[in-house]
Each structure stands twice: as C-alpha cells, then as structure tokens.
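Below is one structure; the comments refer to it alone.
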Amino acid sequence: MSVFEIGGGRPLEGTVAVHGAKNSVLPVLAATLLARGEVAVDNCPRLTDVDAALDILTHLGCRVKREGDRVIVDPRQVCRWDIPPEKMRAMRSSVIFLGPLLARLGRAELSYPGGCELGPRPIDLHLKAVRALGALVTEEDGALRCTGENLTGGQIRLTLPSVGATENAMLSACGAVGTTTIHNAAREPEIVDLQRFLNAIGGRVEGAGGSVIQVEGGGPLYGGAFSVMGDRMAAATWLCAGAAAGGDVTVTGVDYRHVSTVTAALAEAGCRVSSTPSSVRLRRLPERPLEAIAPVSTAPYPGFPTDAQAPLMGALARSRGTTIFVENMFASRYRHVPELVRMGAHIQVEGRLAVVQGVETLTGARLVAGDLRGGAALVVAALGAKGKSTLTGLEHVDRGYQDMDRVLRTLGADILRRDETELAACAAGKLEEELDGIRTTPQTT
Ligand code: EPZ
C-alpha cells in the first residue's frame, strides 16, 4: 500500500503536459484486435487500467511491448476469444473487448464486468448493439457467450448515448459486412479519437462527435501508427487543483474545447482562464476566495462531464456561498463527500443532489480514496487545505492518473508518495526516536 502525504496551503505555479487519455486509449487498444498487422499506439499513458488492457491482449494471443510512451501491439497471432473473470474485473471497462472479438473471431466469452464504486454498470445497450448486427448472446450464471460469425451491417438505436456501447457498436460494425448506422451515439471526444484510429488503420467510419455514426464494415483493417488525444479529465483535475490552491497553472496537450464546461465553471467561480487551441491557463489570487456557482448538473458530452464533478467539488468545498451538484450519470458518485466533510466541508447529499455550502477553511486529514475521480477530489481539496493530509486508496488514483504526485510537484505542490517500506521505516524511525528519548530521559524514582 502506498500513501500520498500532502501539505496544503501552497499556491501552485507552472506548466504541465497532460498524459494520453485513459478513456481513449482503452477502446483503441481493444480495437487493435481488428488489425492484420502491427499497431503502434503513441502517447499511451502508464496507468493500471492500461496494464489491465495489455494483459487481456496478451492473454488473447497478441504480442505486446512498451517502448516509453509507445505501445506496440501485434494482433496477428490472436487465438483466444475468452476473457477470464479475474481479468474482466481488473478493469471496469473490459466489456469494450466484446465488439472487437466478435468482429475479429466471430466469438467472445466474457463475464459481466460487474458493478464498481460508481454503482451498477449495466451493459444491456452493448448487447443490444451487437445483437442488432446478428450476434447471438447467451447469458448464464454471470458469463456471456457471444457468437457472430456473419455479422451484417444494420441500424443500432441506443436508448442512452452510452460511451462504451457506442464504442462496442463501432467496433463490432467494423466486422459487419455492409453499412451500420448508430443512432443516439455518444458524442464524447474519445469517440472521435476512436473513429480517427479506425480510419488510420483502413476503416471507413464517419460522424463521430455527432449523434449518428456510420460504419462501412467487412473490409480489412491494417497495421499502422496512432497517437492518443490528451486526457481531458487529467487537465480538468490539474485546473481544479490550481483553483483550490490558488496560483497560476497552465496545462498543455489538451484541446481547450474538451474542458470548456469545466473552465466555464472555474471562471464563474472567480478564476481567470485563458486558452490556446492546445492549452488552458488558470489563475487565481490566493487571497481571493472562490465563489459559489450556479448548479452543476452532469450530462453526456457536450454537457458537464460526470468525471469532473468530484474534482470541481474538491475545489468548491472551500468557497463563498452554496453550489448545488446534480449527478445524473451514476447512482453512487459522491463517495468523496464524507471525506471532504472530515476536512471541515459542509456538504449534504440527498440522492443525486449534493449541496455544497462553501467554507472559508478546510483542515488536512487522513483521507481514503473510494474511486478514481473521488480520490482526485481529495487531493484537490488537500492542496487548498490548512495543514497536512494523507491519502490512501491510491490503487483507485493510479487507474487514471499517471504520476499524479510528480505532476503536482512540478507545479510546486507539497506532495510525496510513500510506499509501505518507507512508511514502516519512518514509523520504526519515529519509534526509535521515542525509545531513544525514553532511554536518555533521567529516571525519576
Ligand atoms: C465511460 O464509461 C467512461 N469510461 C467513464 O469514465 C465516464 O464516466 C462515462 O463514460 C460517462 O462519460 C471509459 O470510457 C473507460 P456510459 P461507460 O456507458 O462507457 C448507463 C472515469 O472516471 N448504461 O456512457 O461505462 C450507465 O449505467 C470513468 O474515467 C446503461 O444503462 O459509461 C450510466 O448511467 C468513470 N446501459 C450511463 O449509461 C448500458 O449498456 C452512462 O454510462 C451502458 C450504460
């Protein structure tokens, strides 16, 4: 187990480049199964979710190697279509392999990915999508057995603009002969990135970013090279950290349009925000507190992103006035609230609503991350708090942030990552000091 040790109250200053986007690279890595040659994926972040995806590709028979920020996948020897439950559980979004396995091998055996910290994560829309192309899906005792030797292009109508279901629809459609039209598709930037990747290896996909995507499937897809977009949630998190601590923070390598709803909220809270096409700068005078803002209601892109709800709340916990959050995307995405309350925040949760009565001061505390973005929220809040905080549960944070502590130290933050051996040595050292103290203290009789 490792721990973040954070000293709050220090303004942040500097420029950081965001790592490649977790929510783009995961479907792109799954999509490499469709290629008939080696695929090089650049700007591939070092995240535990990426490790889990590479482990699944290796299990399926791909040759995988990492060279710095480049990962090379050779899918030519793919020989399996089953993903064991323990590998499905290692990464929440492992269901994204369903579409490419059906398209490549005509078969897929995987277990339900199961719920996660955010609440139930149904996959009914994923199954509806592949069934619309002719796949047969049987579900027995938690296992999904899918066959689809002769997928045929057709109409896929999503009742919700699900990101994952849209991606599985696109990927299975690549293996379906003819034209597939996906209606009510998710419009996230990561969907556009997946289209960019598929077209870079010979695919014919158009419309991503809008609600209707068209795929000409059945043709061969080849090897090639692709560079993943910047991670808009990492960018949003570093900007929220700048807002919480005060200072002058610039994030580069991200399309400013991808974080525009978050930067609009931070500007409304009193920060000065400026952008270029691939960077965003945020300034806040430490002596000028953040102001509460109009209700923040999460929605599919281009609405306010659910993944930025927690980091923004981590910043606005210390503000003047009351901000209301409405979490519409997931049933249980307020796990960071009790931890913020332990720092002195005044937040009340009622179902999907969280009412944040801003306070003037937060105090450092021993904090536990319960999920990826909730962990980020606690780091954001700790940077703006008085005194020291510790954060455990870093296995959640490591899923989606590459070297979070190093990035924040680049901005001048007082944050250190200690692993258990260091902690044990530190504790032993302290014990030794205490023992020394006792030994040298003259005994009074
Ligand atoms: C993706 O998850 C992201 N993950 C999530 O980011 C993100 O929060 C989410 O999209 C929404 O933007 C990845 O891309 C790996 P959805 P996904 O399907 O695809 C319901 C992070 O922190 N739904 O768009 O699982 C579902 O229950 C993660 O980086 C169905 O009902 O999200 C949810 O309420 C967390 N049936 C809503 O749709 C389905 O078949 C949106 O989910 C599928 C989804």
### Summary
Over the chain, the sum of -39500 (n - 2.57) across DSSP H runs of at least four, divided by residue number and rounded to 500 deg cm²/dmol, gives at 222 nm -10000 deg cm²/dmol
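Add +1 for every Lys or Arg and -1 for every Asp or Glu among the other residues with Cβ under 15 Å from the Cβ of Gly351, and state the total. Walk me through the numbers on the way to the answer.
On the way: positive: Arg333, Arg335, Arg352; negative: Glu327, Glu350.
Cβ neighbours under 15 Å give a net charge of +1.
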### Task
Determine the dipole magnitude for the range 379-445: charges of +1 sit on the beta-carbon of Lys and Arg, -1 on that of Asp and Glu, nothing else is charged, the reference point is the Cα centre, and the result goes in debye to the nearest 20.
300 debye
### Global form of the range 5-133, assessed from the alpha-carbon gyration tensor, a/c cut-off 1.5
oblate
### Task
Using the Karplus curve 6.51 cos²θ - 1.76 cosθ + 1.60 with θ = phi - 60°, work out ³J(HN,Hα) for each residue of the range 92-104 in order, rounded to whole Hz, and write x for Gly and Pro.
3, 9, 5, 4, 5, 7, 4, x, x, 5, 5, 5, 7
### Value of relative contact order over the chain, rounded to a whole percent, pairs C-alpha under 8 Å and six or more apart
20 percent
### Message
Through the Karplus equation 6.51 cos²θ - 1.76 cosθ + 1.60, θ set to phi - 60°, convert the phi angles of the range 348-361 into ³J(HN,Hα) values in whole Hz; use x for Gly and Pro.
### Response
10, 10, 9, x, 7, 9, 10, 9, 9, 8, x, 10, 7, 9
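Rank Arg272, Arg288 by accessible area, highest first, at a 1.4 Å probe radius? Intermediate results must be reported in sequence, preceding the final value.
Values: Arg272 150, Arg288 120 Å².
From most exposed to least exposed: Arg272, Arg288.
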#### Entry: the range 308-445: C-alpha gyration tensor shape, a/c 1.5 cut-off, then a/b vs b/c
prolate
## Note on the structure
In a Gaussian network model of the chain with springs linking alpha carbons closer than 10 Å, the residue among Glu291, Glu167, Glu86 that fluctuates most is Glu86
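Can you bin the range 93-183 into rounded, prolate or oblate? Criterion: square roots of the alpha carbon gyration tensor eigenvalues sorted a ≥ b ≥ c, rounded for a/c under 1.5, prolate for a/b above b/c, oblate for the rest.
Working: a/c = 2.05, a/b = 1.31, b/c = 1.56.
In terms of gyration-tensor shape, oblate.
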### Query
Could you give the length gained on full extension between Glu149 and Val326, defined as 0.36 nm per residue of separation minus the Cα-Cα distance, in nm?
59.4 nm
### Task
Whenever you get a sec, line up Trp238, Trp81 from highest to lowest accessible area (probe 1.4 Å, protein heavy atoms).
Trp81, Trp238
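Just to be sure I understand: of the beta bridges DSSP finds with both ends in the chain, what percent are antiparallel, rounded to 5?
On the way: 60 of 87 bridges.
Bridges in the chain that DSSP calls antiparallel: roughly 70 percent.
How high is the relative contact order of the range 7-136? Use alpha-carbon pairs under 8 Å, at least six apart in sequence, and give a whole percent. Intermediate values should be presented prior to the final figure.
Values: 165 pairs, mean separation 26.9, N = 130.
Normalised by residue count, the contact order of the range 7-136 is 21 percent.
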### Query
Can you pull the three principal axis extents for the Cα set of the chain, in Å, largest first?
87, 51, 39
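About the Cα centre of the chain, what is the dipole size in debye to 20, counting +1 per Lys and Arg Cβ and -1 per Asp and Glu Cβ, all else neutral? Provide the component values of the computation, followed by the final result.
On the way: 47 positive and 49 negative charges, 142 e Å.
Around 680 debye, computed over the chain.
Using the structure shown, select from Lys22/Lys65; Lys388/Lys430; Lys87/Lys388 the pairs with a Cα to Cα distance greater than 25 angstrom.
On the way: Lys22/Lys65 18 Å; Lys388/Lys430 18 Å; Lys87/Lys388 37 Å.
Going by Cα-Cα distance, Lys87/Lys388 fall outside the 25 Å limit.
The values are calculated or read from the model by the stated rules, or taken from the named source; none is laboratory data. Every value quoted in this text rests on a predicted model; they were computed, and no experiment measured them. Positions of Cβ are backbone-derived with ideal geometry, glycine not excepted, and every protein chain shown enters the neighbour counts. Only protein heavy atoms, including side chains, enter the accessible area calculation; ligands, DNA and RNA are left aside. Shrake-Rupley method; radii C 1.70, N 1.55, O 1.52, S 1.80 Å.
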